[in-house]
Structure formats: structure tokens, C-alpha cells
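Here it is, the structure in full.
The values are calculated or read from the model by the stated rules, or taken from the named source; none is laboratory data. All figures in this text were calculated on a predicted structure; none of them were measured in a lab. Methodologically, a virtual Cβ is constructed for each residue, glycine included, from the backbone with ideal geometry; neighbour enumeration extends over all protein chains shown. When the accessible area is computed, the model is the full protein with side chains, heavy atoms only, and any ligands, DNA or RNA have been set aside. Shrake-Rupley method; radii C 1.70, N 1.55, O 1.52, S 1.80 Å.
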Amino acid sequence: MPGATDIIDIMAFGCDENTLMMKSKASLYSSQGVLEGMLTLYRGRLQWSELSERSSNMLTISMDVLFGATLSPPGKFKFRSFEAASAVNLSIEASTHFTVYTIMAREGGKRPLCDTWTFKVESEEECAMWITLLHYAIRPKLGEKDAHVLIFLNPVSGKRKALKTFDTIVKPILEIGQTKYTLKITETQGYAMDFVQIEDLSSYSSVVVVSGDGLLYEVLNGLLQRTDWPKHRHLPIGVVPAGTGNGLAKSLDAIWPEQAAVAVVKSEARPMDIMSATLASGRTQYCFLSMTWGLLADIDIESESIRWAGSARLDLYGTLRLMNLRYYGGRLHYLPATEWGDSDSDISQKQTKTSGGMVKEYGASGNSSIINIIERANQGVDDAWGLPPPNFSSPLVRHSPKLSAAHLTSNIQPAVTLHPTLTAGIQLPITEESLPPRWKTIEGPFVQVIATNVPWLSTDFLACQKARMSDGTIDLVFSRNVSKWQILPYMANSTKGNYMNNNGVENIKVKAFILEPTGLRTTSRNESSHRAIQHPTTAASADMSNGRLSFGSIRRNSGSDST
């Protein structure tokens, strides 16, 4: 019987996807029976070819779709669920059979397709070598470092199914992908923020939440409030969608927990901007989703009392608020992106670059704070999974705020020590003299103001189709003195049409903005009554600072309500 050196050919590793890593004879269990062939592992794919003069069967599996490999019992392994696969195969200590696991996105937003392929090789030692090299090829970016994921789970998020999602999907996928994890169940609001702010994180390769966008917001702010935050600036953070809105996951085309968990296993990154949001009190928060003021914020906040209903709570209160539309007095000051030095073509070019997968951080503007989302290439037609092309993206992020004095002047100084903002140094309330050059002002009343960095704010609400999470700009979407019938198509059917700059829904790309509420909230569209309240001469002006938000040049959070 030939020795291992006669049947295994292990080559030197390289960076090219065609680099040969291992090759040996292997049997494939297929619908046609057991087929004899040659199995070859390249850096970018696993390929099996039948050794037969009468047949030319060939199987090619891209590393983009392959996420795990385990020993398996003799015979063809039939996949039923991740939980069952993990329970059966991970208990095997030695075997000549091994199974590889793949996941494929499907059209129409359907649940991704999971499949397995079983091979038989000559010896147990050879089988163990295949498992080791396959996991190296699946997750090459970690190199010698072992994966150890810190997971926060909110058991009451969304429809309170986060724990079940973790046990039946996330946990077995991590185990199949040989990814070590530590699970923390959140006990109170702010638990995750406090933990990542004060605990030693040096042993973790990433931080992931199984929840909605709110828990990821806690993690981001906790990390950026650490005194040693530069030490952890390259620590990826991510989300497995299990909340109400799941806007970030939807924007990444990773709305299914399977996709998100596989992304955690594969550990790939892309950049995403963050917003710094400063209240009139001087308190600064960091946002990764959007800021909303007016209609959308009312819907989100007022529907908290029926959070148990999941995303349906937003639909219910959305209908209620649309039928009783409110108008808010205020002024919106903003610095257009084109005035800051980015032409429309420059912004478009940045968006094209970020759609290509691994993209370097934007640092041209010292006001940009970047985080990287772990995901594969997200091109117009996403080819991350190979064929057929899916819409796969990963929800892990790697934050890396930058500090630069490139654009600082005597009038623009850092609002916080973390990084500068374009609104720092502007005196409030705003006057014509205190607003820097190139800034513009829009007078209310407003029905709503949305500042977003992603297209989707929830799984069924497309806030701004033109928004890109790493183009270095904030997308302002606002509606002024419009009727409920004008804004209804945008709110109720945003996914079916392009409503930007149409029917009273306006969109501007900006580098920074300041929102100045006047204290007005009314259901009347009468402009004369709006003017009377917006320009008070008595104590009503004291309310002007009560909800004022000033946002720096990069992003993230949701609204007077933020995330």
C-alpha cells in the first residue's frame, strides 16, 4: 500500500487563488453512487475530477461558498440542519470520510441554500490533513491567529427569538467553521457598552451581536469610549440579525442569520463610515446607521410599548402617524459634499471602489471615521459566492477612527479628543455670521429629517437608494410642508420606486449638518401659524436647544432617535 508521500502533494502556500495546496485521490458520494476521482485544493477553490475514461464528471466549489469541513461517518452524509450536522459530525474523533459545507444565496430574498459534499480518502491521517488545510483556505486572513469571537445576545430583541436563532443556527455554524466563541447574554440596557468599555478584549478576534441594530450601537460606542481605543481600532464588530428593523443587515444583503454567521466564520472586511453626533449639551455619540427627526423618530419611539410585535409595530404606528401627520419647526444647516471638494463624479468613483470588496480606509478628509464591515464583494451583481451569483454580504465591522489636523482652523476644532468634526466651533444658535462659508440653510417646517449612511433602515424601508456606507458622505433625506398623501407613497412603498427629489421627498449628500428645532410641533399645514411660532419673542426661544443635534462629517445613528 502506498505511503502518504505517494498520495498527497502539499505545495507551498501563496496568495494567488490558483495556488495549489493539496492533491490526492478521493471518492465522491453523489446521486450516481460512489465515484472515484482526484481531489485538488487550490487557494480559491476545491475541485474534484472523476478518474474514468468513460466519464468527465467534475465538481468545483468556490471558497466563497465553502465555510466548513468536518469528519463524517462512512457513507453519504445527508444534511438536515446545522444543529444536527454539528451534533453528529463534531463528535467523530477519526475517520476516512469528511464533509464540506456550502451556502448559496437565492433570488427573491429566499432563505439561503445550504448543501454538503462528502469525500472518502485513503487514511485517517490524510483526512485530518484535508480538514486542516480546508479551514486554512476558508479563512486565510486570520493566518496563524485563532478565531475567538465575543458574542452579545439580547434575549428580548425583536420577537424574542434571538436565543433560539443562536442555538439552532449561529452556534452550529461557528462550530462547523472551527470558530471559538464566548457568549454573553445581556442583562440590562447598556450591559454590552459597559463590558466592551472596561473589559480586556485582547483575546478576541471580533465582537458580534445577535440582536438588532441597537445592541451593535452599544458595542460601537463602548469601544470608542475606551481610553485605549487605538489598541482595538482594528477589532471587527458585527451583527447577526435578530431584531426589529435589522437595517444594517438588510443593507449588507445579509438578512438571514445563516449568511451573517458564515460571514463571522470567514472573517472578511470592508469599510463603513460612522457619524459623530453632538447634542447641544456637548455630549457626543457615534452612530453606524442613521439619525431621524420627526415622523420616523415618532414611529420608532412611540411604538416601543408594543415591541413584542416585532417589525409589525413599525407598520402599525406608521399608519397611525401618517393619518395624523405632524409638522416640526426648525432649520437645517448643511455643508454640501460637492462644496467640500468632492464632485459628483468623485463620490461616484468612491462608491465604485467600495463595491469591490476589500477597500482601504478613506483618510483624505481628516473628518472621516471609518469602520470596516466584514463582507465579500458587493458589486451590482454580487459574485462573492461564485455561480449562481448571490447577494452575500457580511455584517462584521472593523472600526478605525483617524485623527488628522488637515482641515482644522481656529474656527473648527475637535469636539472630542477622538477625532475632529466639521461642526465643532460653530456657535449656537446659528446666525448668518456664525455659519462658515459654503454652508447652506433650509427653513422648516419639516415632516421629517433622515440622515443616513445606508440605503435600508429596516428590512422593508428603503430610506435612500443612493446612500453608500463608505462614500465619505451623509445622505440627508427630508420632507418639508407636504401632505400625508404626498409622503404616503415613499413611506408605504419605498422599495417599488425612486422617490428621491420627487413628491416632496428631497435628498442631498453632505459632509456635515446641524439641526435646530424651534420647539414647534403641530398638525396644521397653515404656514402663517408656523411662522408665528417659529419666530417667538418670548420664553419659547429657550426651547430651541432642547433637541438640537449637530453631526460631524461622518456617521452613524438613527435620529433624534439614533443607531
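Any chance the stretch 540-551 includes a residue that's open to solvent by less than 10 Å² (accessible area, probe 1.4 Å) and modelled with pLDDT under 50?
Checking the stretch 540-551: at least one residue is open to solvent by less than 10 Å² (accessible area, probe 1.4 Å) and modelled with pLDDT under 50.
Residue by residue, here is whether (1) at pLDDT 75 or above; (2) β-branched (Val, Ile, Thr); (3) open to solvent by less than 50 Å² (accessible area, probe 1.4 Å) holds:
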| site | (1), (2), (3) |
| --- | --- |
| 418 | no, no, yes |
| 437 | yes, no, no |
| 450 | yes, yes, yes |
| 462 | yes, no, yes |
| 467 | yes, no, yes |
| 475 | yes, no, yes |
| 485 | yes, no, no |
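Of the residues in the stretch 282-294, how many are surrounded by fewer than 24 Cβ atoms within 10 Å (Cβ to Cβ) and in contact with a helix residue (DSSP H, G or I) (Cβ under 8 Å, 6 or more places away or on another chain)?
1
From the list 151, 173, exactly one residue is closer than 26 Å to residue 255 by Cβ, open to solvent by less than 10 Å² (accessible area, probe 1.4 Å), part of a strand (DSSP E or B) and not aromatic (Phe, Trp, Tyr). Which is it?
After applying the criteria, what remains is 151.
Looking only at residues that are closer than 20 Å to residue 478 by Cβ and not hydroxyl-bearing (Ser, Thr, Tyr) in the stretch 268-278, which one is surrounded by the fewest Cβ atoms within 10 Å (Cβ to Cβ)?
277
Continuing with this model, one more query. Which pairs turn up if I take residues in the stretch 189-206 that are in a loop (DSSP other than H, G, I, E, B) and look for partners that are of a type in the set (Asp, Glu) with beta carbon separation below 9 Å, at least 6 apart in sequence or on another chain?
Sorted first by the residue in the stretch 189-206, then by its partner, the pairs are 189/218; 190/218; 205/146.
Output the residues belonging to the stretch 252-275 that are more than 24 Å from residue 461 (Cβ to Cβ) and part of a helix (DSSP H, G or I).
261, 262, 264, 265, 266 - these are the residues of the stretch 252-275 that are more than 24 Å from residue 461 (Cβ to Cβ) and part of a helix (DSSP H, G or I).
Return the total of residues in the stretch 1-46 being at pLDDT 55 or above, of a type in the set (S, T, N, Q) and either open to solvent by less than 60 Å² (accessible area, probe 1.4 Å) or more than 40 Å from the chain's Cα centre (by Cα) (or both).
Final tally of qualifying residues: 6.
So is residue 198 over 21 Å from the mean Cα position of the chain (by Cα), β-branched (Val, Ile, Thr) and open to solvent by 30 Å² or more (accessible area, probe 1.4 Å) or not?
yes
As an exercise: evaluate residue 231 against (1) in a loop (DSSP other than H, G, I, E, B); (2) open to solvent by 70 Å² or more (accessible area, probe 1.4 Å) and give the number of the one condition it does not meet.
(1)
Applying the selection to the stretch 97-127, what residues are in contact with a strand residue (DSSP E or B) (Cβ under 6 Å, 6 or more places away or on another chain) and outside any strand (DSSP E or B)?
Scanning the stretch 97-127 gives 106, 112, 121, 127.
Given the options 265, 239, name the one that is within 24 Å of residue 299 (Cα to Cα) and either of a type in the set (Val, Ile, Thr) or open to solvent by 10 Å² or more (accessible area, probe 1.4 Å) (or both).
Testing whether each residue is within 24 Å of residue 299 (Cα to Cα) and either of a type in the set (Val, Ile, Thr) or open to solvent by 10 Å² or more (accessible area, probe 1.4 Å) (or both) leaves just 239.
Would you pick out the residues in the stretch 437-459 that are of a type in the set (Phe, Trp, Tyr) and either out of contact with any helix residue (DSSP H, G or I) (no Cβ under 9 Å at 6 or more places or on another chain) or within 15 Å of residue 507 (Cα to Cα) (or both)?
446, 456
Mind listing whichever residues of the stretch 440-485 are part of a strand (DSSP E or B) and farther than 19 Å from residue 299 by Cα?
440, 441, 442, 443, 474, 475
Would you check if residue 488 is under 13 Å from residue 505 (Cβ atoms) and either in a strand (DSSP E or B) or in contact with a Cys (Cβ under 8 Å, 6 or more places away or on another chain) (or both)?
no
Let me ask something else. At pLDDT 55 or above, outside any loop (DSSP other than H, G, I, E, B) and either of a type in the set (Ser, Thr, Tyr) or under 24 Å from residue 241 (Cβ atoms) (or both): is that true of residue 499 in this structure?
Against the criterion (at pLDDT 55 or above, outside any loop (DSSP other than H, G, I, E, B) and either of a type in the set (Ser, Thr, Tyr) or under 24 Å from residue 241 (Cβ atoms) (or both)), residue 499 does not qualify.
Are any residues in the stretch 52-87 loosely packed, with under 15 Cβ neighbours inside 10 Å and more than 25 Å from residue 267 (Cα to Cα), and if so, which ones?
If the condition is that a residue be loosely packed, with under 15 Cβ neighbours inside 10 Å and more than 25 Å from residue 267 (Cα to Cα), then 52, 53, 54, 55, 56, 57, 58, 73, 74, 75, 78, 80 are the ones that fit.
For every residue, the table says whether it meets (1) open to solvent by less than 50 Å² (accessible area, probe 1.4 Å); (2) out of contact with any Lys or Arg (no Cβ under 8 Å at 6 or more places or on another chain); (3) at pLDDT 90 or above.
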{"position": "129", "(1), (2), (3)": "no, yes, yes"}
{"position": "135", "(1), (2), (3)": "yes, yes, yes"}
{"position": "140", "(1), (2), (3)": "yes, no, no"}
{"position": "155", "(1), (2), (3)": "yes, yes, yes"}
{"position": "159", "(1), (2), (3)": "no, yes, no"}
{"position": "163", "(1), (2), (3)": "no, yes, yes"}
{"position": "187", "(1), (2), (3)": "no, yes, no"}
{"position": "203", "(1), (2), (3)": "no, yes, yes"}
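Here are some residues: 95, 49. Which one is among the small types (Gly, Ala, Ser), surrounded by fewer than 23 Cβ atoms within 10 Å (Cβ to Cβ) and in contact with a helix residue (DSSP H, G or I) (Cβ under 7 Å, 6 or more places away or on another chain)?
95
Name the residue, out of 184, 120, 159, that is out of contact with any helix residue (DSSP H, G or I) (no Cβ under 6 Å at 6 or more places or on another chain) and closer than 25 Å to residue 79 by Cβ.
After applying the criteria, what remains is 120.
Is there any pair linking a residue in the stretch 72-87 that is closer than 14 Å to residue 168 by Cα to one that is open to solvent by less than 30 Å² (accessible area, probe 1.4 Å) and at pLDDT below 85, with Cβ under 9 Å and at least six apart or on different chains, and which?
Every condition considered, the pairs that remain are 85/77.
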